[in-house]
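The values are calculated or read from the model by the stated rules, or taken from the named source; none is laboratory data. Bear in mind the structure is a predicted one, so any value in this text is a computation, not a measurement. Note that each Cβ is placed from the backbone with ideal geometry, even for glycine, and that neighbours are counted across all protein chains shown. Accessible surface areas use protein heavy atoms only, side chains included; no ligands, DNA or RNA. Shrake-Rupley method; radii C 1.70, N 1.55, O 1.52, S 1.80 Å.
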Amino acid sequence: MAGFDDIQKNVSEKAQEVTDKAKAFVDENRDKIEEAVKSDKAEEVSDKIIHGLADGIKKVTGGKFDDQIDKTAKDLDDKIGNDGAGTA
């Protein structure tokens, strides 16, 4: 039976392997990824997710941080999709 240190080493090695593969994938597909992030579909999906999360967080915080939550949601939304200020 492997000891804790062996298990931890194996997990760390696998995590590094997955990270390296993900980085390589992103590097190889950077143009496609950037195009997808600026698409109509990305805008539609991101709007639903971002604003849904913002509404949920507002409920949990009881309205104490609504202004900060709205600003953060807008800043994030501006960077994803095709109708935000972050588009070129």
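Could you check how many residues of the range 41-64 are among the hydroxyl-bearing types (S, T, Y), touching a helix residue (DSSP H, G or I) at 6+ places or on another chain (Cβ under 7 Å) and either modelled with pLDDT of 95 or more or more than 12 Å from G81 (Cβ to Cβ) (or both)? Write out each step before concluding.
If we filter the range 41-64 for residues that are among the hydroxyl-bearing types (S, T, Y), which is where we start, we get 46, 61.
Within this subset, residues satisfying the condition of being touching a helix residue (DSSP H, G or I) at 6+ places or on another chain (Cβ under 7 Å) are 46.
If we keep only those that are either modelled with pLDDT of 95 or more or more than 12 Å from G81 (Cβ to Cβ) (or both) as well, we get none.
The number of residues fulfilling the criteria is 0.
Hey, could you check the range 1-27 for residues that are open to solvent by less than 70 Å² (accessible area, probe 1.4 Å) and modelled with pLDDT of 85 or more and say which is nearest to N82 (Cα to Cα)?
Taking the candidates together, the pick is V26.
Examine the range 20-43 for a residue that is of a type in the set (S, T, Y) and without any contact (Cβ under 8 Å) to a residue 40 or more places away in the chain, and state whether such a residue exists. Write out each step before concluding.
Initially, the range 20-43 is screened for residues of a type in the set (S, T, Y), giving 39.
In the following step, the residues that additionally are without any contact (Cβ under 8 Å) to a residue 40 or more places away in the chain were identified as none.
No; the residues of the range 20-43 include none that is of a type in the set (S, T, Y) and without any contact (Cβ under 8 Å) to a residue 40 or more places away in the chain.
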Point to revise | Single condition R30 does not satisfy, out of (1) within 17 Å of the chain's Cα centre (by Cα); (2) modelled with pLDDT under 85 | key: (2)
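If you go through the range 67-82, how many residues are among the hydrophobic types (A, V, I, L, M, F, W, C), within 23 Å of D40 (Cβ to Cβ) and either in a helix (DSSP H, G or I) or touching a strand residue (DSSP E or B) at 6+ places or on another chain (Cβ under 8 Å) (or both)?
2
To keep it simple, each residue is scored yes or no on (1) within 17 Å of the chain's Cα centre (by Cα); (2) of a type in the set (V, I, T).
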position	(1), (2)
D6	no, no
K14	no, no
K21	no, no
K41	yes, no
L53	yes, no
T61	no, yes
D75	yes, no
